[in-house]
Each structure stands twice: as structure tokens, then as C-alpha cells.
Amino acid sequence: MAQTLTIRTPDDWHLHLRDGAMMEGVLPETARDFARAIIMPNLVPPVVTSKDAAAYRDRILSALPEGMTFQPLMTLYLTEATDPQDVRAAAAAGLISAVKLYPAGATTNSASGVQNFDNVRAALETMAEIGLPLCVHGEVTRAEIDIFDREAVFIEEVLDPIRRATPGLRVVMEHITTSDAATYVSEGNDDLAATITVQHLMLDRNDLLVGGVRPHYYCLPVLKRRTHRDALVALATSGSRKVFLGTDSAPHTTDTKEAPCGCAGCFTAPVTLPCIAHVFEDANALEHFEAFVSENGARFYGMPLNEGTVTLHRLDDAWTLPTSVTTGAGPVTVFDPGRPLHWRVTK
Ligand code: NCD
Ligand code: ZN
């Protein structure tokens, strides 16, 4: 068994950094191990115009501690009022790397999301024309659809029709959670890819619900049954180029998670690489680890691979994870995978 892994510096293709004091606290946790990340635009209010994106990018760069390098890859939040010309200009200027689709009401801060897909047709056509990827939160939000079925229904009712109506549109199905999504991505053409999170590769809904509810395992899309997790692990560790790491690391203060109506999101950034190394080791697929965390995403986005490296060591003794990260907005509980971690990033 390999005791040391040196890989190209990874990228995170789906990250929530928030803003202000929270951002200042969590940004180093990603910048330490990752060269770039796709930054989610679901602030309050959301990042909807190129002007918003430029200002948010500047705030992120000014919050970066001395000596750390990190490139935030900005996104716009697609609304029914999104101006296709603004999208075109922002992409041409290199300001944005993708546009994000949230169905209205699907998740944290998604009230401005899309209700009527006819109203975003022109924006999607512009994106197909210029090759700008659409990042998709793939869940329907109709009240009568069971929360565990929302992803599968979305593929059939929304995603597949959008892709058929917009040939050439590049789509990232984000944080996929089901075997339905794994199959849909595997069978799709090269314009379709998917990201997978740490928690969906390591946990299933029993971990969330059996023996007491675990608020720090609650995220959206919600964890599914074990067979779905197995399908995600099989896809991630297969060596397929259509799938890559998007942590969806989503910090909320501990008190807002441990609450009668707790927020959705797992804060995985501080432990991502060790967790993913264990997933690949368990699947006897460490040879595909680097492609998943450092190569496939950059290739899909048409960006250069990173030049630097990070090194992980496999320790005989498990290391003790930090329980929380202190931020100016309050403490944020770090994701605990519920198993000992022997892999550790040592640089
Ligand atoms: C995300 C958040 O907190 O912003 N939460 C989550 O559970 N993943 C929103 C999202 O990406 O769905
Ligand atoms: Zn997210």
C-alpha cells in the first residue's frame, strides 16, 4: 500500500465561501489545499450580475491571508432577469467561469432561482454558443415530490428537456446523490459532467438518521440510501473523466445547524482530501484519485492543470480532526466522517 501520495494541487468545483467574517474564517481552509474553486453565488442578496461577481471576487482576494495563493472562479446566479449580454461580456472578460441554476426554493438562499424555464432560454442559448458551463442544482421543488426523489424527478422533468432543447450546452450536474444521476451522467455526451461531495461518497441516510438525528450530516440534496452511495463511489473511482470533486463545503455556524430547523450544508473543506483518499483506497482505486481531485474538472472547464503539488501521508495512527473552525461569525463545526482518518495532507 502506498504510504505517500503526491498529486497536482487539487481544485474544488463547487464551494460556498459566504461573505464577510464567515468568508475570512473559512477561506484559508480551502486555500491551504486547493488552487482554485468554483465559488457559489448564493449570497444574500445573490451574485446576479457581472458587477456583483467582480465585487465579490475582489472581497475574496482581499480576505486571502498573506502568503496563500488561491484563484476564485466566479459564477453568476441565474434568475429570470439574467441578461444574456451581461453573461456574454463577463465570460469574455474572464470574470466568470460558469452560471449557476437553482430551481426556486431548492436549497439555502435559492428564493431568486428559476421558476419558469422559458424565461432563461435566451441566457442558456448564449451559454451554449460561447461554451460557458451551466452548474445545476438538480432537484425539483414541487411540494408533492418526496425529498428523496427530487433529484431523479429533476433529471427527467427538467434537465433532460433543457439539454435536448439547447444542444451544445455544457452542464455540470452538481453534488449528485443517486444512481439515477450516476447513470445519466455516464450515458451522456461529453457536454455533461458531474461533481460529487465528500459526504455523499462516505455516508448514507442511515448515518444521518439512525440512533438520533445528526444535524452536521444534513445537506441538500439530502443523503440517500446505501445503494446510491455505492453507485457514486463506483463512478468516482472508475477513472471516468466525466466526474470530479465538488465539495459543496457549506459553512453554517454551529448554532444554526443544531437548531429546531437546522440549516443544510456540511463543512468539509478542512478534511476533504484525507476523506477522499480513504474513499479511493477502500475502492482499491488510488491510481484514479489524482484525476478525480486535480484533473478531470480542469479538463471539463478547459483550464490548464495546476503546476504545484500537494502530498498526503498515510499515518499509522489516526489523527485528531479539528472539531470546529473559529470565524468572526461564530464557530463552524467541521465535518466528522465518523471513521478514523489515517491520510493527512503534509504538503
Ligand atoms: C448549500 C448552502 O448552505 O449554501 N447547502 C447545502 O446543503 N448544500 C446550498 C446548496 O448547495 O444546496
Ligand atoms: Zn452547494
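The values are calculated or read from the model by the stated rules, or taken from the named source; none is laboratory data. Remember, it's a predicted structure, so these values are computed and weren't measured experimentally. Methodologically, a virtual Cβ is constructed for each residue, glycine included, from the backbone with ideal geometry; neighbour enumeration extends over all protein chains shown. What goes into the accessible areas is simple: the full protein's heavy atoms, side chains included, and nothing from ligands, DNA or RNA. Shrake-Rupley method; radii C 1.70, N 1.55, O 1.52, S 1.80 Å.
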Check your understanding: Is it fair to say Arg8 is open to solvent by 10 Å² or more (accessible area, probe 1.4 Å), more than 16 Å from ligand 2 (Cβ to nearest atom) and closer than 22 Å to Phe244 by Cα?
Key -> yes
Review point. Can you tell me which residues in the range 261-314 are away from ligand 1 (no atom under 16 Å from the Cβ), in contact with a His (Cβ under 7 Å, 6 or more places away or on another chain) and not in a helix (DSSP H, G or I)?
Key: Arg314
**Study point:** Residues located in the range 53-74, provided they are touching a residue at least 12 places away in the same chain (Cβ under 8 Å) and out of contact with any Lys or Arg (no Cβ under 9 Å at 6 or more places or on another chain)
**Key:** Ala53, Ala54, Tyr56, Arg57, Arg59, Ile60, Ala63, Leu64, Pro65, Thr69
Review point. Would the range 137-150 turn up any residue that is under 21 Å from Asp52 (Cα atoms), in contact with a Phe, Trp or Tyr (Cβ under 6 Å, 6 or more places away or on another chain) and of a type in the set (Gly, Ala, Ser)?
Key: no
Exercise for review: Any chance you could count how many residues in the range 235-260 are without any contact (Cβ under 8 Å) to a residue 12 or more places away in the chain and within 15 Å of ligand 1 (Cβ to nearest atom)?
Suggested key: 1
Review point. Can you spot a residue in the range 95-110 that is over 20 Å from the mean Cα position of the chain (by Cα) and among the basic types (Lys, Arg)?
Key: no
Check your understanding: Quick one: is Asp12 among the acidic types (Asp, Glu), under 20 Å from Ala298 (Cβ atoms), at pLDDT 95 or above and in contact with a Lys or Arg (Cβ under 8 Å, 6 or more places away or on another chain)?
Key -> yes
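Just the residues that are away from ligand 2 (no atom under 16 Å from the Cβ) and either in contact (Cβ under 8 Å) with a residue 40 or more places away in the chain or not in a loop (DSSP other than H, G, I, E, B) (or both), please, taken from the range 200-224. Full working, then the answer.
Filtering the range 200-224 for residues away from ligand 2 (no atom under 16 Å from the Cβ) gives 202-215, 224.
Met202, Leu203, Arg205, Asn206, Asp207, Leu208, Leu209, Pro215, Lys224, listed by residue number.
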Check your understanding: If you check every pair at least six apart or on different chains, which have Cβ atoms under 6 Å apart with a residue in the range 99-114 that is on the phi > 0 side of the Ramachandran plot first and a residue that is more than 14 Å from ligand 2 (Cβ to nearest atom) second?
Key -> Gly105/Thr141; Asn109/Val44
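In the range 229-242, is there at least one residue being touching a Pro at 6+ places or on another chain (Cβ under 7 Å), surrounded by 18 or more Cβ atoms within 10 Å (Cβ to Cβ) and in a loop (DSSP other than H, G, I, E, B)?
Of all residues in the range 229-242, those touching a Pro at 6+ places or on another chain (Cβ under 7 Å) come to none.
No, there is no match, as no residue in the range 229-242 is touching a Pro at 6+ places or on another chain (Cβ under 7 Å), surrounded by 18 or more Cβ atoms within 10 Å (Cβ to Cβ) and in a loop (DSSP other than H, G, I, E, B).
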Practice item. Taking Ile38 as the residue in question, decide whether it is within 14 Å of ligand 2 (Cβ to nearest atom) and either open to solvent by 20 Å² or more (accessible area, probe 1.4 Å) or aliphatic (A, V, I, L, M) (or both). Key: yes
Exercise for review: Output the residue which, of all residues in the range 1-56 that are hydroxyl-bearing (Ser, Thr, Tyr) and within 30 Å of His313 (Cα to Cα), is farthest from ligand 1 (Cβ to nearest atom).
Suggested key: Thr4
